[in-house]
């Protein structure tokens, strides 16, 4: 596993003063750092953003945050290693005073939830798209249960990729640890549609402020 993550960044990343928030895109299994970058203009992001490449190379341009063993029940150790790799990238590339807004799809959605569950004080308004949470307890879970920060969880009603056991686990965990904004989209499979992007945009504007997205 490559623990030095590659990335693509918004044009103003290096020239902007240290922002109060920055967006981190986390792609799904078999994809790459270019996959979610088009969401930045689609969401009208007004914040600097970076899209990371997962550490596990799969060949043919694809990467993953961890290997799939039992669908919906990932092994804990590789997920923790991937989480550590993301935090290492953040520590090297983001000002300590900047909070992270993770937006992840599928496996990347799990990684977005991992950032919240490991360092909740550093994360704001996480967005989980077609993803789920890890079954193992994480260091920040107690604080999350007490504070219930906002989190957006969107998924397609026809998603046949994410295992039912993962959906059930996430449906139990998130309402007890976050102020959950859950949306289920009729007719949508394992993907992202315009209605979901509109809801994410509204969520970011509400929870982060007008500076997050264009009006």
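Nothing in this text is a laboratory measurement; each read-out follows from the coordinates by a stated rule. Just so you know, these numbers come straight off a predicted model, no measurement behind them. Please note: Cβ atoms are built from the backbone with ideal geometry, for glycine as well, and neighbour counts cover all protein chains shown.
Rounded, prolate or oblate: which one fits the stretch 88-215, using the alpha carbon gyration tensor with axes a ≥ b ≥ c (rounded when a/c is under 1.5, else prolate when a/b beats b/c, else oblate)? Could you put the intermediate results ahead of the total?
Working: a/c = 1.66, a/b = 1.18, b/c = 1.41.
Because a/c hits 1.5 or more and a/b fails to exceed b/c, the stretch 88-215 counts as oblate.
Using the Kirkwood radius built from alpha carbon pairs, what does the Stokes-Einstein equation give as D for the stretch 140-215 at 20 °C and 1.002 mPa s, in µm² per second?
157
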Fill in: Rel. contact order, % - alpha carbon contacts under 8 angstrom, at least six apart, the chain
20
Response to the item:
Using the Kirkwood radius over Cα pairs of the stretch 92-149, the Stokes-Einstein translational diffusion coefficient at 37 °C and 0.692 mPa s, in µm²/s and rounded to a whole number, is 283
Fill in: Overall Cα dimensions of the stretch 22-77, principal axis frame, Å, largest first
38, 24, 16
Worksheet, complete the sentence: Expressed in nanometres to one decimal, the distance between label points 7 Å along Cα→Cβ at residue 77 and residue 210 is 5.2
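Rounded to the nearest 500 deg cm²/dmol, what is the calculated helix-only ellipticity per residue at 222 nm for the chain, with -39500 (n - 2.57) per DSSP H run of length n ≥ 4? Mind dumping the intermediate values first?
Working: 6 runs with 70 residues, N = 215.
My calculation for the chain gives -10000 deg cm²/dmol from helical runs alone.
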Worksheet entry | Förster radius 22 Å - calculated FRET efficiency between residue 69 and residue 137 (Cβ-Cβ, nearest 0.05) | 0.65
Fill in: the stretch 34-91 and the stretch 151-215: distance between their alpha carbon centers, rounded to Å
17
Practice prompt. For percent of Cα pairs over 27 Å apart, several values are listed as (1) 32; (2) 23; (3) 59; flag the one computed from this structure.
Written response: (2)
Worksheet item: Over the stretch 90-215, what relative contact order in percent results from Cα pairs under 8 Å that are six or more residues apart?
Response: 22
Fill in: Point-to-point label distance, residue 6-residue 161, nm (Cα→Cβ direction, 7 Å offset)
2.1
Practice prompt. Could you list 188, 58 in order of exposure, starting from the residue whose Cβ has the fewest other Cβ atoms within 10 Å?
Written response: 58, 188
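Report the far tail of the P(r) of the stretch 120-170, meaning the percent of Cα-Cα pairs longer than 13 Å. Please list the in-between numbers first.
On the way: 821 of 1275 pairs.
When all Cα pairs of the stretch 120-170 are counted, 64 percent exceed 13 Å.
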